[in-house]
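First comes the structure, then the notes that go with it.
The values are calculated or read from the model by the stated rules, or taken from the named source; none is laboratory data. Just so it is clear, the structure is predicted and the values come from calculations on it, not from any experiment. Please note: Cβ atoms are built from the backbone with ideal geometry, for glycine as well, and neighbour counts cover all protein chains shown. With ligands, DNA and RNA removed, areas are computed over all heavy atoms of the protein, side chains included. Shrake-Rupley method; radii C 1.70, N 1.55, O 1.52, S 1.80 Å.
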Amino acid sequence: MEFNVNEHQHIRYNPLKDEWILVSPHRMLRPWSGQTESNDENKLEGNNNKNNPLCPGATRGNGEVNPMYTSTYVFKNDFPALLENVPTPPSSDDPLFKIAPARGTCRVMCFHPNSEVTLPIMKVTEIKLVIDEWINQAEELQSKYRWVQIFENKGASMGCSNPHPHCQIWASSFLPNEPTIKDRCQLQYYKEHNRALLVDYVEKELQRKERIVIENDDWIVVVPYWAVWPFETMLLPRGHTPQRLTELNESQRKSLAIVIKSITSKYDNLFKCSFPYSMGWHGAPTGVGNKPLDSPHWLLHGIYLPPLLRSATIRKFFVGYELLAQAQRDLTPEQAAARLRDLSEKHYSLK
Ligand code: H2U
């Protein structure tokens, strides 16, 4: 029997994180009698009222009243995981009981005053304002902190606690695990090839075309070769190659707004629901100070990690084998890319 990538199990390597993924496409045929997500969770429903603490004019957890904002709005998280001023823990030289200081700040950024207007429903000009604010926030925080994580949890199934369209920004004095691993892997590749791993990856994906979902002069959106989540995608800049969000040129910023509208519309169109996901940005750590470190081994990238697998109600779980052995997926990244590519870029709810 000859090997068929869409039929036969295999393991794939993720060079960004030095890890392997088990791909078992034959498993797509298995019946499902486990948990389904409530479809209500993924409906296009906002929560426009004064009791929603993210809405304009609403009172937040700390008693502050939001202004009647008309565009994006950023505020300090009232329940932050990271605080700026905390006592320093005692040092320990025991390799089994290491401890280190952790300082930081957490912010919430509302995308739009209207709770019902998610990113795919927003106008491109409104999405551009979100991108500009991401860049402002990164600019300000990266001069003070080692890592600025911008991320969006969308949908209750991804732990989002509020239906109002928003993201979070956590800045920390330490470099978290994910960027630490990516930094190490990209640096190693750069030392061996004298080229950035992801710059080479973009070039190769453009030649192969098997996993590209969206392509324009400034960006490609691909289901990465090593994707773990069923419809995971990566947004990668092309042409000009920024190491971080703050280095995007104006053309890339503008076309990013179009790309975000397109990919989030495709996601919603896939199962005709408000598609849940976690998304975020990874770029070179800045170091602390006015001038960010030059890190030619890095290429900025956006990541969408959506849990849905078969329908608006059946999701992938990251459990047993994944938690104890390694990540596993059923649908191949090429099959996922073809499904997304074939979908309209126009949101199903917009006439
Ligand atoms: P999530 O939906 O991703 O959980 O983000 C909402 C954030 O908003 C969450 O981190 C914050 C929560 O702490 N929040 C406030 O800061 N003030 C409030 O009054 C409500 C929610």
Only one of these conditions is not met by Leu324: (1) within 25 Å of Pro176 (Cα to Cα); (2) of a type in the set (A, V, I, L, M); (3) touching a strand residue (DSSP E or B) at 6+ places or on another chain (Cβ under 8 Å). Which number is it?
(3)
Every residue from segment 230-270 that is closer than 17 Å to Arg341 by Cβ, charged (D, E, K, R) and open to solvent by 10 Å² or more (accessible area, probe 1.4 Å)
Glu232, Lys261
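Evaluate segment 117-129: report whether one residue or more is more than 19 Å from Met279 (Cα to Cα) and surrounded by 11 or more Cβ atoms within 10 Å (Cβ to Cβ). Don't jump to the end; show me each part of the working.
From segment 117-129, those more than 19 Å from Met279 (Cα to Cα) are 123, 125; that's our starting set.
This time we only want the ones that are surrounded by 11 or more Cβ atoms within 10 Å (Cβ to Cβ), so: 123.
Scanning segment 117-129, I find at least one residue that is more than 19 Å from Met279 (Cα to Cα) and surrounded by 11 or more Cβ atoms within 10 Å (Cβ to Cβ), so the answer is yes.
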Among the residues of segment 88-113, which ones are aromatic (Phe, Trp, Tyr) and without any contact (Cβ under 8 Å) to a residue 24 or more places away in the chain?
Phe97
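Got a sec? Which of Arg329, Arg339 is open to solvent by 30 Å² or more (accessible area, probe 1.4 Å) and modelled with pLDDT of 95 or more? Write out each step before concluding.
Values: Arg329 fails: open to solvent by 30 Å² or more (accessible area, probe 1.4 Å).
Answer to the selection: Arg339.
May I ask you to list the residues in segment 9-68 that are at pLDDT 85 or above, farther than 20 Å from Ala327 by Cβ and of a type in the set (A, V, I, L, M, F, W, C)?
Residues of segment 9-68 at pLDDT 85 or above: 9-26, 52-68.
Then drop every residue that is not farther than 20 Å from Ala327 by Cβ, which leaves 52-68.
Those that are at pLDDT 85 or above, farther than 20 Å from Ala327 by Cβ and of a type in the set (A, V, I, L, M, F, W, C): Leu54, Cys55, Ala58, Val65, Met68.
Working only within segment 135-156, note down all residues that are acidic (Asp, Glu) and more than 12 Å from the ligand (Cβ to nearest atom). I'd like the intermediate steps shown before the answer.
Initial filter on segment 135-156 (acidic (Asp, Glu)): 139-140, 152.
Result: Glu139, Glu140.
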Any residue in segment 159-174 that's near the ligand (Cβ under 6 Å from one of its atoms): show its pairings with residues that are small (Gly, Ala, Ser) and part of a strand (DSSP E or B) at Cβ separation under 9 Å, as long as the two are six or more apart or on different chains.
Cys160/Ser278
Would you please list the contacts, defined by Cβ atoms under 7 Å and residues six or more apart or on different chains, that run from a residue in segment 66-87 that is over 16 Å from Arg103 (Cα atoms) to a residue that is among the hydroxyl-bearing types (Ser, Thr, Tyr)?
Asn66/Tyr73
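Please determine whether any residue of segment 141-155 is free of Cβ contacts under 8 Å to residues at least 40 places away in the same chain and crowded, with 17+ Cβ neighbours inside 10 Å. Even if it seems obvious, please write down each step before you answer.
At the first step, the residues of segment 141-155 found to be free of Cβ contacts under 8 Å to residues at least 40 places away in the same chain are 141.
Imposing the further condition that a residue be crowded, with 17+ Cβ neighbours inside 10 Å reduces the set to 141.
Checked segment 141-155: at least one residue is free of Cβ contacts under 8 Å to residues at least 40 places away in the same chain and crowded, with 17+ Cβ neighbours inside 10 Å.
Being hydrophobic (A, V, I, L, M, F, W, C), more than 16 Å from the ligand (Cβ to nearest atom) and modelled with pLDDT of 95 or more: is that true of Val124 here? Write out each step before concluding.
Details: hydrophobic (A, V, I, L, M, F, W, C): yes; more than 16 Å from the ligand (Cβ to nearest atom): yes; modelled with pLDDT of 95 or more: yes.
Considered against the rule, which asks whether it is hydrophobic (A, V, I, L, M, F, W, C), more than 16 Å from the ligand (Cβ to nearest atom) and modelled with pLDDT of 95 or more, Val124 comes out as yes.
Say whether the condition of being more than 24 Å from Ser265 (Cβ to Cβ) and either hydrophobic (A, V, I, L, M, F, W, C) or touching a residue at least 40 places away in the same chain (Cβ under 8 Å) (or both) is met by at least one residue in segment 115-123. Explain how you work it out, then say what you get.
If we filter segment 115-123 for residues that are more than 24 Å from Ser265 (Cβ to Cβ), which is where we start, we get none.
No, there is no match, as no residue in segment 115-123 is more than 24 Å from Ser265 (Cβ to Cβ) and either hydrophobic (A, V, I, L, M, F, W, C) or touching a residue at least 40 places away in the same chain (Cβ under 8 Å) (or both).
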Quick check on segment 45-82: of everything there that is under 28 Å from the mean Cα position of the chain (by Cα) and open to solvent by 100 Å² or more (accessible area, probe 1.4 Å), which residue is farthest from the ligand (Cβ to nearest atom)?
Thr70
When you scan segment 211-229, how many residues do you find that are assigned to a loop (DSSP other than H, G, I, E, B) and surrounded by 17 or more Cβ atoms within 10 Å (Cβ to Cβ)?
9
